[in-house]
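First up is the structure itself, then whatever we jot down about it.
The values are calculated or read from the model by the stated rules, or taken from the named source; none is laboratory data. It should be emphasised that the depicted structure is a prediction, and the values quoted were computed from it without experimental measurement. Here the Cβ positions follow ideal geometry from the backbone for every residue, glycine too, while neighbour counts run over all protein chains shown. Please note that ligands, DNA and RNA were not included when accessible areas were found on the heavy atoms of the full protein model with its side chains. Shrake-Rupley method; radii C 1.70, N 1.55, O 1.52, S 1.80 Å.
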Amino acid sequence: MGRLSAIPLEYAHLRSPSTESRVMFKKFQPSTDISGQTAVKSSVQRSIRAGILSNWKIDSDTFESIWPKKENITLVKCRDHISIYALHGVPLFFQHFEGPFYPTLRLLHKYPFVLPTVRVDRGAIRFLLAGAHMMCPGFTSKGGSLPPAEEALPAETPVAILAEGKEHAIAIGITKLSTEDIKKVNKGVGVEVVTHLGDDLWALQKV
Amino acid sequence: MSAEQETAAPQPKPPLQVLYCEVCTFPPEYCEFGSSLSKCKEWLKDEYPDLYDRYYSEEALQAKMGTMSMEQQTKLEQDAAKKEAKAEAKADAAKKKKLASQVLIKRIQRQKNKYVTAIHGLEAFDIDLKKAAKLFAQTFATGSSVTKNPQGQDEIVVQGDVSDEVLDMIREEKGVLKGVPEANVELIEEKKKKGS
Ligand SMILES: [Zn+2]
């Protein structure tokens, strides 16, 4: 495990268009799309822990209560190079290739501060829940919001996606443009959705 | 992402306890986007009347529209009704599928004289696997547990070759083993793959 913050260039060619352009957990069937569960070497567990601590906004004490150091996580290997990591059968976070670690949406609901947030307007909600990526105007319209310029996020940042008028996150995604560029360009996909309420990862409460 | 670390808190921050709808599994504020809104509303009204008022009172509905146009809101409501009808059709199909589900009783040879019996698919008939495993353990006075196969699906593994007896128990609907039509049960044999 080298760099954990973004999908390293050397893997870019491996990201087939079909997996990149679709939402990861659409038509994901545990019975056929999970290839197996394996233990994780302790050195690898250490590096995962360090990666998460440096990338999520979380202190080590709080993370310790999510994943205590003395407990071993299980790697649930899935199709398309998706790795889900589970503790006592509960999925906690996941990764695509060697990309960033995303919390599951249920974990994010418990610890909403671990990722920076963006917000889509109400009109975008039903598209998001149908598996669409989020277009720039959904964030720049009156009901949406992005961080102010001084807290701008670069492209390829994992974000929690909130929705107009709602308290809890609806999805987790990754910015395709910097948040300042989303404001400027204001068209095309601004944030790719990696998991959302009601998708097949949401349904996978126990592995 | 910025790698800024917050100053280490001496205490772990407690997790937020988010309420999830028992009908559609979403936080109740999102039930309106699911496919079972009328059932969700019924549930919330019974279990959390205060939350029900918060989400579905006249003012709440007004406020909720937010920046959406009347047209969009109407579309949303139409979609919700359509989705609900679709979900009901799907539930019907699921019921049919259940009647077509298979229960597999596998006799597996582990060593020369050692067999285990794996029973797969009982959960499709709403049978509690843990209770069924316990029933087998008591009936055969042997080890019996719920384990995962490599696909991550649960199945019951009973020590010893008890496949015929298990078939009889399902036929006779012993204990929790109710509601599996005989035609849906299949007995198969799995030969040992590698020497041990
Ligand atoms: Zn609901």
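Could you check region A:69-88 and list, in sequence order, the residues that are open to solvent by 20 Å² or more (accessible area, probe 1.4 Å) and assigned to a loop (DSSP other than H, G, I, E, B)? Show your work before the answer.
The initial filter retains those residues of region A:69-88 that are open to solvent by 20 Å² or more (accessible area, probe 1.4 Å), namely A:69-72, A:74-75, A:77, A:79-81, A:83, A:88.
Passing the criteria: A:K69, A:K70, A:E71, A:N72, A:H88.
Of all the residues that make up region A:101-127, how many are among the aromatic types (F, W, Y) and open to solvent by 50 Å² or more (accessible area, probe 1.4 Å)? I'd like the intermediate steps shown before the answer.
Here is the first cut: in region A:101-127, the ones among the aromatic types (F, W, Y) are A:101-102, A:111, A:113, A:127.
With the extra rule that they be open to solvent by 50 Å² or more (accessible area, probe 1.4 Å), the set shrinks to A:113, A:127.
The number of residues fulfilling the criteria is 2.
Just checking, how many residues over region B:112-124 are at pLDDT below 90 and in contact with a helix residue (DSSP H, G or I) (Cβ under 7 Å, 6 or more places away or on another chain)?
Final tally of qualifying residues: 2.
Could you please find all residues in region B:14-34 being open to solvent by 30 Å² or more (accessible area, probe 1.4 Å) and near the ligand (Cβ under 9 Å from one of its atoms)? Please lay out each step first, then the result.
From region B:14-34, those open to solvent by 30 Å² or more (accessible area, probe 1.4 Å) are B:14-17, B:19-20, B:22-23, B:25; that's our starting set.
B:Y20, B:E22, B:V23, B:T25 - these are the residues of region B:14-34 that are open to solvent by 30 Å² or more (accessible area, probe 1.4 Å) and near the ligand (Cβ under 9 Å from one of its atoms).
Could you figure out which of (1) among the β-branched types (V, I, T); (2) part of a loop (DSSP other than H, G, I, E, B); (3) buried (at least 18 other Cβ atoms within 10 Å of the Cβ) isn't true of B:T142?
Answer for B:T142: the failing condition is (3).
Search region B:57-74 for residues being over 18 Å from A:A163 (Cα atoms) and assigned to a helix (DSSP H, G or I), and hand back the single one that is farthest from the other protein chains (Cβ to nearest Cβ). Steps first, please.
The initial filter retains those residues of region B:57-74 that are over 18 Å from A:A163 (Cα atoms), namely B:57-59, B:70-71, B:74.
With the extra rule that they be assigned to a helix (DSSP H, G or I), the set shrinks to B:58-59, B:70-71, B:74.
Numbers: B:E58: 16, B:E59: 13, B:M70: 12, B:E71: 10, B:T74: 13 Å.
The qualifying residue farthest from the other protein chains (Cβ to nearest Cβ) is B:E58.
Name the one entry in B:E42, B:E29, B:E77 that is closer than 17 Å to A:A163 by Cβ and of a type outside the set (K, R).
Result of the check over B:E42, B:E29, B:E77: B:E29.
Please state which of the following conditions B:A85 fails to meet, knowing it meets all the rest: (1) under 27 Å from A:P112 (Cβ atoms); (2) modelled with pLDDT under 95; (3) more than 16 Å from the ligand (Cβ to nearest atom).
(1)
Assuming B:L44 fulfils every condition listed in (1) open to solvent by less than 30 Å² (accessible area, probe 1.4 Å); (2) away from the ligand (no atom under 16 Å from the Cβ); (3) modelled with pLDDT of 90 or more apart from one, which condition is it?
(2)
Can we say A:V194 is in contact (Cβ under 8 Å) with a residue 12 or more places away in the chain and open to solvent by 30 Å² or more (accessible area, probe 1.4 Å)? Break it down stepwise before answering.
Working: in contact (Cβ under 8 Å) with a residue 12 or more places away in the chain: yes; open to solvent by 30 Å² or more (accessible area, probe 1.4 Å): no.
When the stated conditions are applied, A:V194 does not pass them.
Could you check, for region A:159-166, whether at least one of its residues is open to solvent by 30 Å² or more (accessible area, probe 1.4 Å), modelled with pLDDT of 95 or more and in a loop (DSSP other than H, G, I, E, B)?
Taking every residue of region A:159-166 in turn, none turns out to be open to solvent by 30 Å² or more (accessible area, probe 1.4 Å), modelled with pLDDT of 95 or more and in a loop (DSSP other than H, G, I, E, B).
Would you confirm, using the coordinates I've provided, whether A:A130 is open to solvent by 20 Å² or more (accessible area, probe 1.4 Å), out of contact with any helix residue (DSSP H, G or I) (no Cβ under 8 Å at 6 or more places or on another chain) and within 28 Å of A:S35 (Cβ to Cβ)? Talk me through it step by step, then tell me what you get.
Working: open to solvent by 20 Å² or more (accessible area, probe 1.4 Å): yes; out of contact with any helix residue (DSSP H, G or I) (no Cβ under 8 Å at 6 or more places or on another chain): yes; within 28 Å of A:S35 (Cβ to Cβ): yes.
Judged against the criteria, A:A130 is a match.
Yes or no, residue by residue, for (1) surrounded by 12 or more Cβ atoms within 10 Å (Cβ to Cβ); (2) within 13 Å of the ligand (Cβ to nearest atom):
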{"residue": "B:L37", "(1), (2)": "yes, yes"}
{"residue": "B:Y48", "(1), (2)": "yes, yes"}
{"residue": "B:Q62", "(1), (2)": "no, no"}
{"residue": "B:T67", "(1), (2)": "yes, no"}
{"residue": "B:Q109", "(1), (2)": "yes, no"}
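Find all pairs meeting these conditions: Cβ atoms under 8 angstrom apart; at least six residues apart or on different chains; first residue within region B:41-52 and within 14 Å of chain A (Cβ to nearest Cβ); second residue of a type in the set (A, V, I, L, M, F, W, C) and within 12 Å of the ligand (Cβ to nearest atom).
Pairs that qualify, where the first residue is within 14 Å of chain A (Cβ to nearest Cβ) and the partner is of a type in the set (A, V, I, L, M, F, W, C) and within 12 Å of the ligand (Cβ to nearest atom), are B:L51/B:L19; B:L51/B:L44.
For the condition of a type outside the set (V, I, T), away from every other protein chain (no Cβ under 12 Å) and either open to solvent by 10 Å² or more (accessible area, probe 1.4 Å) or without any contact (Cβ under 8 Å) to a residue 24 or more places away in the chain (or both), what is the one hit in A:S54, A:S31, A:S47, A:S65?
Numbers: A:S54 fails: away from every other protein chain (no Cβ under 12 Å); A:S31 fails: away from every other protein chain (no Cβ under 12 Å); A:S65 fails: away from every other protein chain (no Cβ under 12 Å).
Checking each option against the conditions leaves just A:S47.
Can you name every residue in region B:34-56 that is charged (D, E, K, R) and within 15 Å of B:L19 (Cα to Cα)? Spell out how you get there, then give the answer.
Taking region B:34-56 as the starting set, the residues that turn out to be charged (D, E, K, R) are B:39, B:41-42, B:45-47, B:50, B:53-54.
Correct list: B:K41, B:K45, B:D46, B:E47, B:D50, B:R54.
Which residues, counting only those in region B:158-182, are part of a helix (DSSP H, G or I), under 24 Å from the mean Cα position of the chain (by Cα) and surrounded by fewer than 14 Cβ atoms within 10 Å (Cβ to Cβ)?
B:E182
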